[in-house]
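Okay, structure first, notes after.
Taken together, the values in this text are just the output of simple stated rules run on the coordinates, not laboratory data. Nothing here was measured: the structure is a model prediction, and the numbers come from that model. Here the Cβ is made from the backbone with ideal geometry for all residues, glycine too, and neighbour counts use every protein chain on show.
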């Protein structure tokens with residue numbers, strides 16, 4: 001799963017990317033988008049590793065993409081199109097909004113900045129939808145067969161976008177299989193990250209706030225400095241600035257929630273591993289996440305809830321207590337399940 005980091009110039013996109021990936025600008029590529037792979041923090045993985053003492057412990061991972069160049073309100077043409085095309089393949093977006101005083105003294109305008117970039121995405125989608133409708137009309141005139149369902153969906157998108165509404169507000173459009181290939185920006189789930197001053201821990205307050213399903217406040221510059229400290233100094237730093245948990249962990253956790261992901265665990269071949277899957281995934285599809293052969297030859301899944309395992313103290317004891325279930329392919333995997341897949345190819 002990959003999330004694209006977007007924002008207006010000087011919002012702190014690079015700072016957030018640096019905090020998330022724990023990298024430094026001198027390590028970054030000079031051309032093209034930056035892609036960083038981050039480990040998803042999960043204390044359950046640590047506990048399982050202590051319990052089973054494997055030779056190898058593997059955490060789940062997410063990817064964050066920082067597009068090359070800047071995103072600025074009002075930009076159009078090939079440059080803006082190329083930039084948006086870098087983030088279109090992403091599964092979700094992280095929108096960084098400036099909420100700190102600039103060195104020159106310019107006060108932040110988070111509400112205006114938030115709406116500016118949202119408008120840019122709506123306009124970019126409008127161009128895509130209009131072009132596709134024009135192409136379909138040409139195909140119709142040439143006597144080619146067209147999909148009437150696709151036309152109806154595109155017309156609905158056109159109306160929503162012309163009314164300056166993001167497509168994510170219309171689930172029937174945002175999740176329509178026929179529209180998936182268009183990778184429409186305003187249809188993607190978005191996590192809004194307000195990049196605050198060092199002393200500001202809170203989300204911005206304003207009259208008539210826009211609807212934000214997923215938002216959090218971070219202090220990007222502070223967190224970047226924190227990442228460079230030793231563990232002892234960092235602990236003192238956290239206390240002084242009332243940082244209950246690092247921004248990196250909070251953004252990653254919110255990202256998983258945004259994408260509707262849950263975790264399951266496997267303990268095989270002296271390895272404890274965490275896997276991320278969409279909520280409501282079946283045991284059969286979860287097996288396929290590990291390996292296509294495992295899905296192809298699926299027989300049964302031994303499923304043990306994480307809490308039951310910890311309460312029992314060992315896998316063997318959990319079996320004695322009849323906590324391990326033998327499930328079929330249609331079983332829905334729950335967050336925290338420890339699974340052993342039986343398969344034969």
Problem set entry | Spherically averaged projected area in nm², based on the convex hull that wraps the Cα atoms of the stretch 1-142 | 13.6
For this session: Choose one answer from 248, 273, 98: the residue with the largest mean-square fluctuation in a GNM of the chain with alpha-carbon springs under 10 Å.
Result: 273
Exercise. Using the reciprocal of the averaged 1/r over all distinct C-alpha pairs, how large is the Kirkwood radius of the stretch 178-282 in Å?
Worked result: 17.0
Seminar exercise, completed: Among 266, 15, 47, the residue with the largest mean-square fluctuation in a Gaussian network model of the chain built from Cα contacts under 10 Å is 47
Exercise. If the chain between residue 68 and residue 245 were fully stretched, how many nm would it gain, using 0.36 nm times the residue separation less the Cα-Cα distance?
Worked result: 60.8 nm
Exercise. For the stretch 280-343, with equal point scatterers placed on the C-alpha atoms only and solvent neglected, what are the log10 I(q)/I(0) values from the Debye formula at q = 0.15 1/Å, to two decimals?
Worked result: -0.43
Exercise. For the chain, what percent of Cα pairs sit more than 26 Å apart?
Worked result: 59
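Listing 275, 84, 28 from the residue with the fewest other Cβ atoms within 10 Å to the one with the most, what is the order?
Final ranking by Cβ density, sparse to dense: 28, 275, 84.
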Exercise. Please state the Cα pair-distance histogram of the stretch 200-345 with 5 angstrom bins from zero: what percent is in each bin?
Worked result: 2, 8, 14, 14, 12, 11, 11, 10, 9, 6, 2, 0, 0
